[in-house]
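Some notes on the structure that comes next.
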Amino acid sequence: MASAGQGGPPPTMEYGGDEVGALVLDPGTETTRAGFAGEDLPKRVIASQYGYIPPTEEGGEGQYFLDDINILRRRGGMEVKWPMQDGIVEDWDGAARVWKEALVPQLCESLAENPLIVTEPAWNPVKNREKTTELMFEQFDVPAFYLARSAVCAAFANGKSTCLVVDVGHSNVSVTPVYDGLILKKGTQKTPLGGAFINQQCRAIFAQRNPPIDLTPYNLIDKRARVDIDEPAHPEMRKFPDQDIPHTASWLKWCQDRLVHDFKETIVQTYQQPSGSFSEQHLATQPPRLYEFPTGFNTNFGSERYKIAETMFQPTLATINPDDPLPFDPATVHSIGQIVKDSLQGIDVDVRQAVLANIVVVGGGSLLFGFTDRLQNELQSLYPTVRVKIYASMHAAERKYAGFLGGSILASLGTFHQLWISRREYDEHGAGIVEKRCK
Amino acid sequence: MSRSGVGLDKECVPAFEDLKLGRDKSTKFIIFKLSDDKKSIIVEKKGTEPDYDSFTAALPENDCRYAVYDFEYDLVSGEGKRQKLCFFTWSPDDAPVRSKMVYASSKDALRRALNGIHADVQGSDFSEVAYETVLEKVSKGQGSK
Ligand SMILES: Nc1ncnc2c1ncn2[C@@H]1O[C@H](COP(=O)(O)OP(=O)(O)OP(=O)(O)O)[C@@H](O)[C@H]1O
Ligand SMILES: [Mg+2]
């Protein structure tokens with residue numbers, strides 16, 4: 001094999017006698033991560049969404065736009081579609097387009113050369129697992145394939161074969177007990193209080209201000225002038241050649257979400273004390289923080305900074321915006337603490353202590369400032385007599401890409417070639433083989 | 001086969017059986033490691049030192065290992081001694097992520113082959129494999145030093 005230059009696949013695994021670098025695909029609801037097995041970080045991180053302009057005439061073809069940069073550009077009538085919901089593929093055609101975009105041609109010219117490992121959530125239904133296998137062999141034409149549970153990948157990458165994986169994703173927060181390298185399905189729990197919900201809480205806070213804060217994103221603004229704090233801003237809007245065709249609500253929301261993401265990273269913070277001690281009055285005395293929106297409008301955020309994140313632990317505190325109702329009832333939805341309890345209820349008493357002392361925290365949402373410390377305090381207060389210990393990488397990338405990292409190392413091990421589902425095995429046994437091979 | 005495809009060297013189980021059945025009176029603990037070619041788990045060391053500290057001293061500070069220790073303790077009730085075999089997965093925080101990955105994903109190859117283990121300990125720092133911590137776990141609060 002030619003020496004792998006920068007960006008080339010490391011010759012780390014043997015397959016069928018030749019050394020061929022395997023590829024890794026870690027699809028999430030918000031972003032899809034892809035790269036070479038053996039590498040710690042994905043080479044590609046792209047939006048899991050795609051832009052779509054429906055055909056103008058009957059029988060015509062619609063237009064697809066993939067990768068952030070192409071979705072970001074304003075195009076009249078372009079909708080933004082989300083092929084995955086709750087970590088699960090709902091729109092196979094869309095997901096296949098996104099996955100292919102993540103891999104070809106940046107990582108390889110064709111998928112027929114390299115074995116491919118794909119990660120999936122613990123709750124992926126059997127039907128979907130088989131469908132993914134089928135897609136890989138029939139449509140992507142991969143020579144070998146493996147489907148790995150992302151919680152198991154994350155557990156292994158943290159040196160744990162027995163643990164509780166808490167994944168704070170975009171669509172949800174999930175808790176998956178892993179025991180001797182296998183997920184315990186009965187103990188797997190999730191709640192829709194992930195990053196998307198926090199985004200919605202931020203928006204609700206913005207909408208509550210009088211007047212409501214304008215979330216017009218950067219890409220629609222031409223010029224803005226500096227304005228004093230809390231003074232109205234009057235940005236000049238950009239003009240587009242297809243101005244007469246309005247942009248869609250789904251596209252606008254997608255662009256605004258990137259802005260809200262920035263707000264989450266810089267302003268939102270987790271309150272440290274366990275549920276029950278949260279007090280807005282007390283927090284109102286803390287120094288507020290200034291944030292400037294793309295329009296130029298800038299304002300202070302005080303106790304709201306904490307209240308937004310507190311709702312993951314106490315959903316009854318959720319801010320309600322009648323114009324943008326929550327997709328669940330905050331009175332009955334389970335908090336993060338509650339789903340840990342639910343999860344432990346579902347597993348053997350003997351295993352409970354072992355996993356509480358080994359909690360692995362991953363997912364982009366766990367990067368909310370102060371999150372892991374709060375989780376530690378919350379769980380320790382729920383289980384005062386048991387040792388609770390959280391393992392969360394200090395490196396943001398290792399947490400965001402924990403599934404990728406685990407899958408990447410696993411697939412690069414010299415011994416892993418025995419586990420791949422080969423093309424021959426697929427031809428012989430069909431997609432059902434995934435249930436037997438990929439536990 | 002393990003989750004990683006890593007296998008077990010043929011020496012591993014006999015070494016464990018000798019320890020379990022007391023055929024090898026001098027051995028108190030066994031340390032297992034991954035072979036240099038990373039294809040199988042091999043016996044690294046049979047420890048003869050009777051004190052527990054020699055055992056923990058044999059665990060590397062920044063790499064992973066598996067181990068079996070023949071744990072002996074007195075019952076608080078004074079009803080005599082108990083002996084329990086304890087399995088350790090040693091994965092210190094400072095170990096390279098690759099090493100953590102291989103050991104965690106290959107554990108079942110070894111663990112499933114060993115019958116008669118009473119307790120499983122996952123250690124990521126020395127406090128987690130300290131005598132008191134393990135005693136508490138193994139004896140469920142019924143043991144004293
Ligand atoms: N530094 C940060 N602070 C706060 N939130 C963050 C930070 N970084 C990422 N996030 C949020 O984490 C979420 C994405 O997390 P992740 O990439 O784990 O989700 P995903 O795997 O795409 O989705 P899912 O797991 O739901 O399928 C987004 O809501 C994003 O805004
Ligand atoms: Mg995810």
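The values are calculated or read from the model by the stated rules, or taken from the named source; none is laboratory data. Fair warning: this is a prediction, and the values are worked out from it, not measured in the lab. Reconstructed Cβ throughout: ideal geometry from the backbone, glycine too, with neighbour counts over all protein chains shown.
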Q) In region A:35-45, which residues are within 13 Å of ligand 1 (Cβ to nearest atom) and buried (at least 23 other Cβ atoms within 10 Å of the Cβ)? A) A:Pro42
Q. Can you pull out the residues in region A:404-428 that are in a helix (DSSP H, G or I), within 13 Å of chain B (Cβ to nearest Cβ) and within 23 Å of A:Pro143 (Cβ to Cβ)?
A. A:Phe404, A:Gly406, A:Gly407, A:Ser408, A:Ile409, A:Leu410, A:Ala411, A:Ser412, A:Phe416, A:His417, A:Gln418
Q. With respect to the numbered conditions (1) more than 16 Å from ligand 1 (Cβ to nearest atom); (2) surrounded by fewer than 16 Cβ atoms within 10 Å (Cβ to Cβ); (3) more than 18 Å from A:Gln189 (Cβ to Cβ); (4) within 24 Å of the chain's Cα centre (by Cα), which one is the sole condition not fulfilled by A:Asp350?
A. (4)
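May I ask you to verify whether A:Val360 is within 14 Å of chain B (Cβ to nearest Cβ) and either crowded, with 18+ Cβ neighbours inside 10 Å or assigned to a helix (DSSP H, G or I) (or both)? I'd like the intermediate steps shown before the answer.
On the way: within 14 Å of chain B (Cβ to nearest Cβ): yes; either crowded, with 18+ Cβ neighbours inside 10 Å or assigned to a helix (DSSP H, G or I) (or both): yes.
Answer is yes for this residue.
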Q | Unique match (being more than 14 Å from every other protein chain (Cβ to nearest Cβ), within 14 Å of ligand 1 (Cβ to nearest atom) and surrounded by 20 or more Cβ atoms within 10 Å (Cβ to Cβ)) among A:Ser343, A:Ser366 | A | A:Ser366
(Q) If I ask for residues that are away from ligand 1 (no atom under 16 Å from the Cβ) and within 29 Å of A:Glu30 (Cα to Cα), which ones from region A:369-392 would you list? (A) A:Gln376, A:Asn377, A:Glu378, A:Leu379, A:Lys389, A:Ile390, A:Tyr391
Q: Look through region B:1-21, keep the residues that are within 14 Å of chain A (Cβ to nearest Cβ) and either under 15 Å from the mean Cα position of the chain (by Cα) or of a type in the set (A, V, I, L, M) (or both), and return whichever of them is farthest from A:Gly38 (Cα to Cα).
A: B:Leu8
**Q.** Filtered residues of region A:11-32 (kept if modelled with pLDDT of 65 or more and either within 16 Å of ligand 1 (Cβ to nearest atom) or within 14 Å of chain B (Cβ to nearest Cβ) (or both))
**A.** A:Ala22, A:Val24, A:Leu25, A:Asp26, A:Pro27, A:Gly28, A:Thr29, A:Glu30, A:Thr31, A:Thr32
Q: Working only within region A:166-188, note down all residues that are over 17 Å from A:Lys439 (Cα atoms) and assigned to a strand (DSSP E or B).
A: A:Val166, A:Asp167, A:Val168, A:Val173, A:Ser174, A:Val175
(Q) I need the full set of residues from region B:90-145 which are small (Gly, Ala, Ser), assigned to a helix (DSSP H, G or I) and under 21 Å from B:Pro60 (Cβ atoms), in order please. (A) B:Ser99, B:Ala104, B:Ser105, B:Ser106, B:Ala109, B:Ser127
Q | So A:Leu419, is it in contact (Cβ under 8 Å) with a residue 24 or more places away in the chain and either closer than 26 Å to B:Gly123 by Cβ or surrounded by fewer than 20 Cβ atoms within 10 Å (Cβ to Cβ) (or both) | A | no
Q: Would you mind stating whether A:Ala122 is within 14 Å of chain B (Cβ to nearest Cβ), within 12 Å of ligand 1 (Cβ to nearest atom) and not hydroxyl-bearing (Ser, Thr, Tyr)?
A: no
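Looking only at region A:137-180, which residues are within 16 Å of ligand 1 (Cβ to nearest atom), among the aliphatic types (A, V, I, L, M) and surrounded by 24 or more Cβ atoms within 10 Å (Cβ to Cβ)?
Passing the criteria: A:Ala151, A:Val152, A:Ala154, A:Ala155, A:Ala157, A:Val165, A:Val166, A:Val168, A:Val173, A:Val175.
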Q: Could you identify the single residue in B:Asp70, B:Asp24 that is away from chain A (no Cβ under 14 Å), at pLDDT below 90, under 21 Å from B:Leu110 (Cα atoms) and buried (at least 16 other Cβ atoms within 10 Å of the Cβ)?
A: B:Asp24
(Q) Quick check on my filter: what residues within region A:87-104 are free of Cβ contacts under 8 Å to residues at least 24 places away in the same chain and within 16 Å of ligand 1 (Cβ to nearest atom)? (A) A:Glu90, A:Asp91
Q: Taking A:Asp350 as meeting all but one of (1) away from ligand 2 (no atom under 16 Å from the Cβ); (2) of a type in the set (Asp, Glu); (3) part of a helix (DSSP H, G or I); (4) within 30 Å of A:Ile308 (Cα to Cα), write down the number of the exception.
A: (4)
Q) From the residues in region B:29-39 that are in contact with a helix residue (DSSP H, G or I) (Cβ under 8 Å, 6 or more places away or on another chain) and in a strand (DSSP E or B), which one is nearest to the other protein chains (Cβ to nearest Cβ)? A) B:Leu34
Q) Quick one: is A:Thr319 without any contact (Cβ under 8 Å) to a residue 40 or more places away in the chain and assigned to a loop (DSSP other than H, G, I, E, B)? A) no
Q | In region B:77-113, the residues that are more than 8 Å from every other protein chain (Cβ to nearest Cβ) and of a type in the set (A, V, I, L, M, F, W, C) | A | B:Leu85, B:Cys86, B:Phe87, B:Phe88, B:Trp90, B:Ala109, B:Leu110, B:Ala113
(Q) If I filter region A:151-163 for residues that are on the phi < 0 side of the Ramachandran plot and away from every other protein chain (no Cβ under 14 Å), do I get at least one hit? (A) no
(Q) So, restricting to helices (runs of 4 or more DSSP H) that lie completely within region A:230-311, which ones have at least 3 residues that are touching a helix residue (DSSP H, G or I) at 6+ places or on another chain (Cβ under 7 Å)? (A) A:249-266, A:304-310
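Residues B:Ser35, B:Ser106, B:Ser77: which one is in contact (Cβ under 8 Å) with a residue 24 or more places away in the chain and surrounded by 18 or more Cβ atoms within 10 Å (Cβ to Cβ)?
B:Ser106
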Q: Hey, could you check region B:44-59 for residues that are in contact (Cβ under 8 Å) with a residue 24 or more places away in the chain and part of a loop (DSSP other than H, G, I, E, B) and say which is farthest from B:Asp94 (Cα to Cα)?
A: B:Ala58
